[in-house]
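Have a look at the structure below, then the notes.
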Amino acid sequence: MKELFKLGDDLGPAKIIHVYEPLLGLKGILVVDNVAAGPSIGGVRMARDVTIQECVRLARAMTMKNAAAGLPHGGGKAVLVGDPKMPKKRKEKLLRAMASSLRYEEDYIFAPDMGTDEECMAWVRDEIGRVVGLPRELGGIPLDQIGATGWGLSHATDVALNYCAFNIEDARVVIQGFGAVGRHAARYLAEKGARIVAVADSHGAVSNRQGLDLDGLLELKKAGHSVSEYIGGESLGRDDVIDIECDIWIPAARPDVINSDNVERLNTKLMVQGANIPVTTDAERRLHEKGVLIVPDFIANAGGVICAAMEYRGASESVVFAAIEEKVRRNTEQVLEAARAQKILPRQAAVELALKRIHKVMGFRRYNTFSSAPGFI
């Protein structure tokens, strides 16, 4: 018990819930971090090797992200233990059971994340109704399909280039994680003139210094193949993209992919973090010492949760895109300007921005991390 409460601090988490159903083999975790601003929004992630500690860190990242974006929501994260590529019928059974078990946890709103998508959210809606990231046919704004997070990343990159000594035209971009976030970030940056020289997925990577054909890669992925099977470049191991020299490096996969073991291999000028907590604290500090400019995760990749929060309130797709652009650009500039003026890491500036907003909201509450008001949702 003492070990569990060591995970807490003055912000939360308010709740850690284990979900277990041996009949189905269901093992899940829900972490509701701080919901002083409103009910938490955070994706449902499916992974084989998740831990409570990782789930707590991801929930906190969502608290910071929602606060930095000025959303009336706190942070949460749900994780299902399992292979995200399991048969669809089995995944449906697990997600429906997970949703049903959390039916009365009204301070958490389901959303898609790694290993889950809009169809998964439709199953959740059918069970409990409390969900965002739905298919268009159910009145949702499919954030993965339209590339809401990638759209935000492209604008964070655009602002960050004002603090770099190069332009987007012909800038060499490497993307680790060619999924819902990475593939759209690649598309939007290529439209601005960038050259995508390498991408990786969970099975491998491919590189071409002259630039990859994104249309061909997208067709390959759509057909269920790895990017390493693409014939228009050099096939590489999944982690070899860390070694490729580039101007912009975008992690859009799992947490802690850059750490003390591999940080010296990274050769880039700008990192725009598409994944949550993709770099360990020590590694991020080392990159800063090497002169790499970093746009932190909860500033750069907020497009998805901005889309989710606005969908929850019935906003249209065009309004959502405009809001993502405005919020991400404003926050990126504010963080990078503060970091430069105060000579601190961009993450420190981002944390200070988010904490200021969180503590302001917590001051309105009788209990700091949650609300006891009726009809809280």
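The table below lists the values:
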item	result
Condition met for GLU289 (without any contact (Cβ under 8 Å) to a residue 24 or more places away in the chain and either in contact with a Cys (Cβ under 9 Å, 6 or more places away or on another chain) or outside the structural domain of ASP243 (by TED's automatic domain parsing) (or both))	no
For ASN276: the one exception among (1) polar (S, T, N, Q); (2) out of contact with any strand residue (DSSP E or B) (no Cβ under 7 Å at 6 or more places or on another chain); (3) modelled with pLDDT of 95 or more	(3)
Index of the failed condition, ARG90 passing every other in (1) modelled with pLDDT of 95 or more; (2) touching a Phe, Trp or Tyr at 6+ places or on another chain (Cβ under 8 Å); (3) part of a helix (DSSP H, G or I)	(2)
Where a residue in the stretch 48-62 is farther than 13 Å from MET114 by Cβ and its partner, wherever it lies, is charged (D, E, K, R), with Cβ under 6 Å and at least six apart	ALA59/ASP33; ALA59/LYS77; ARG60/ASP33
Flag for ILE231 being of a type in the set (A, V, I, L, M) and touching a residue at least 24 places away in the same chain (Cβ under 8 Å)	no
Residue match in the stretch 279-301 (condition: out of contact with any strand residue (DSSP E or B) (no Cβ under 6 Å at 6 or more places or on another chain) and under 14 Å from LEU143 (Cα atoms))	yes
Residue within the stretch 210-223 that is surrounded by fewer than 20 Cβ atoms within 10 Å (Cβ to Cβ), assigned to a strand (DSSP E or B) and of a type outside the set (D, E, K, R) present	no
Test: residue in the stretch 218-229 that is over 20 Å from the mean Cα position of the chain (by Cα) and at pLDDT 95 or above	no
Residue count for the stretch 1-21, restricted to those that are of a type in the set (A, V, I, L, M), crowded, with 19+ Cβ neighbours inside 10 Å and part of a loop (DSSP other than H, G, I, E, B)	2
Single condition LEU24 does not satisfy, out of (1) surrounded by fewer than 23 Cβ atoms within 10 Å (Cβ to Cβ); (2) closer than 28 Å to ARG366 by Cβ	(2)
Candidate set from the stretch 54-91 (those that are closer than 19 Å to VAL31 by Cα and among the small types (Gly, Ala, Ser)); member that is surrounded by the most Cβ atoms within 10 Å (Cβ to Cβ)	GLY76
Cβ-Cβ under 9 Å pairs, at least 6 apart or on other chains, the stretch 16-39 side closer than 29 Å to ALA69 by Cα and outside the structural domain of VAL81 (by TED's automatic domain parsing), far side part of a loop (DSSP other than H, G, I, E, B) and of a type outside the set (A, V, I, L, M)	none
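Listed here are the residues, each with its yes/no results for (1) in a loop (DSSP other than H, G, I, E, B); (2) surrounded by 23 or more Cβ atoms within 10 Å (Cβ to Cβ); (3) β-branched (Val, Ile, Thr).
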position	(1), (2), (3)
GLU264	no, no, no
ASN276	yes, yes, no
ALA283	no, no, no
LEU287	no, no, no
GLY291	yes, no, no
CYS307	no, yes, no
ALA322	no, no, no
VAL328	no, yes, yes
VAL335	no, yes, yes
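The values are calculated or read from the model by the stated rules, or taken from the named source; none is laboratory data. Small disclaimer: the values here were computed from a predicted structure and weren't measured. Cβ: placed from backbone, ideal geometry, glycine included. Neighbour counts: every protein chain shown.
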